Amino acid sequence: SKLAALFEHPLYNIPVPEVTEKDKLFIINPMEKFSLHSSGSDEWVSSSKAETLLPTGKTAYDTYPTWLKFHIGINRYELYPRRNPLLPTLLRDLATQRIISSVQKSGGTQLKLIMTFPNYGQALFKPMKQTRDQETPIDFFYFSDFERHNAEIAAFHLDRILDFRRIPPVSGRLVNITKEIWDITTDKKLAKTFFISPAGNVCFYGECSYYCSTEHALCGKPDQLEGSMAALLPDKTLAKRHSWRSPWRRSYHKSKKAEWELNPNYCAQVRETPPYDRGHRLLDLIDMTILDFLMGNMDRHHYETFEKFGNDTFLLHLDNGRGFGTHSRDEPSILAPLQQCCSIKRSTYLRLQLLATQPYRLSDVLREALAADPLAPVLAEPHLRALDRRLGKVLMVVGHCLAR
């Protein structure tokens, strides 16, 4: 296994700083227990009641469902640890747990559903909109592109292979539109958009600002539909997040250019602007830029951080559905922050160099990681090969910076 060998490499075993109480997203009451009652519903119970329900030798933590263990493991330095025994279980839960509720997520340009499991865990479902081998048409603007379910799955694994660990876990899943969405939804607006197509397939289209119409309906075969299931982050009422506008945001206009596209010295003014004037925020943003270039994702207008940790924390790499749309061409403008600032974390650079070597080749380790997903193969081979080509281009840009 190249993937196992990669994660054993010293570059993937650099210790994170010691995590103190103030570095944890949540401080939990060690006596509070999560108990499964015979009625089949999960609910919190007080510690006094729970004492009688717990098997001997079990701690309160042992009673928590996997999604809750994931939430309370988040800290200032990482969304989840490198050697996380929870990860396989969490991915399996996303792929197999019974769905008891499906409602449309408000906002956004395309249809997404929030699905709830019996243990109160929730996932964001993005349905399949195009096949693996379709490329984004060359005349499409980045902001009118489809969001791809397989891009969300591949982005999670790529982010982990780069050792960023800033994307919540994502699994592919085959969903029964009738039983797991139509029959159980309490969302009246969503329910109005279901129909049976002339071919006898179950279809729906929801409500959103792009691609929510009968012409862009999502149809099953006859009611089976692929999609990505992403573990939801803690509710914003419990863990507030700050949304930051990217300094290298595109203009989202058909003809207007952004300032960074016109000013070659743009990075100098970014370096003088908080929060990029101190700490590792700019370097974290350049990490995200490299991830986006490898995926071909031009749609990174914002990123988020957990408010509790202030400016000294990692960036969340959310919403990656517009990645992996093209394999036959690369978009060099995505690398503008790296080119203009000529800065990169040493650890990131060393890992990129490692992933360009034969024993740990990026396309091979990602292919291996994706093979375990229920919807494998997640990416068409040309997309995997494009990763190696793009990695070479990133290293070339760093090489030019070093030469300067």
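The values are calculated or read from the model by the stated rules, or taken from the named source; none is laboratory data. The model shown is predicted, which means the values in this text are computed figures rather than measured ones. Here the Cβ is made from the backbone with ideal geometry for all residues, glycine too, and neighbour counts use every protein chain on show. Accessible surface areas use protein heavy atoms only, side chains included; no ligands, DNA or RNA. Shrake-Rupley method; radii C 1.70, N 1.55, O 1.52, S 1.80 Å.
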Note to self: Take residue 255 and tell me if it is assigned by the TED database to the domain that holds residue 378 and open to solvent by 20 Å² or more (accessible area, probe 1.4 Å).
What the structure shows: yes
Restricted to the range 329-344 and to residues being in a helix (DSSP H, G or I) and polar (S, T, N, Q), the residue least open to solvent (accessible area, probe 1.4 Å) is 333
Checked pairs for the range 114-134, first at positive phi, second open to solvent by less than 50 Å² (accessible area, probe 1.4 Å), C-beta under 7 Å and 6 or more apart or across chains, list as 120/42
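Among the residues that make up the range 191-202, is at least one of them surrounded by fewer than 19 Cβ atoms within 10 Å (Cβ to Cβ) and touching a residue at least 60 places away in the same chain (Cβ under 8 Å)?
There is no residue in the range 191-202 that is surrounded by fewer than 19 Cβ atoms within 10 Å (Cβ to Cβ) and touching a residue at least 60 places away in the same chain (Cβ under 8 Å).
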The one condition residue 393 fails out of (1) under 18 Å from the mean Cα position of the chain (by Cα); (2) assigned to a helix (DSSP H, G or I); (3) of a type in the set (D, E, K, R) is (1)
Output for Cβ contacts, cut-off 7 Å, separation at least six or different chains, first residue of a type in the set (Lys, Arg) in the range 365-391, second at pLDDT 95 or above and open to solvent by less than 10 Å² (accessible area, probe 1.4 Å), reads 367/384; 385/363; 390/293; 390/294
Residue 293 vs. criteria assigned by the TED database to the domain that holds residue 342, among the hydrophobic types (A, V, I, L, M, F, W, C) and touching a Ser or Thr at 6+ places or on another chain (Cβ under 8 Å): no
Expected output for the range 330-343 (first residue in the same structural domain as residue 393 (by the TED database) and among the small types (Gly, Ala, Ser), partner surrounded by 16 or more Cβ atoms within 10 Å (Cβ to Cβ) and in a helix (DSSP H, G or I), Cβ below 6 Å, 6+ apart or cross-chain) is 336/260
Filter the range 358-383 for residues that are of a type in the set (A, V, I, L, M, F, W, C) and in contact with a Pro (Cβ under 9 Å, 6 or more places away or on another chain); the one that is most open to solvent (accessible area, probe 1.4 Å) is 372
Screening 207, 215 for residues that are open to solvent by 20 Å² or more (accessible area, probe 1.4 Å), at pLDDT below 95, assigned to a loop (DSSP other than H, G, I, E, B) and assigned by the TED database to the domain that holds residue 156 leaves only 207
When residue 309 is run through (1) within 30 Å of residue 388 (Cα to Cα); (2) more than 17 Å from the chain's Cα centre (by Cα); (3) modelled with pLDDT of 95 or more, the failure sits at (1)
Qualifying residue in the range 143-160 (condition: crowded, with 21+ Cβ neighbours inside 10 Å, outside any helix (DSSP H, G or I) and either at pLDDT 95 or above or more than 20 Å from the chain's Cα centre (by Cα) (or both))
no
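Within the range 266-273, does at least one residue satisfy the condition of being in contact with a Leu (Cβ under 8 Å, 6 or more places away or on another chain), among the basic types (Lys, Arg), at pLDDT 95 or above and not in a strand (DSSP E or B)?
yes
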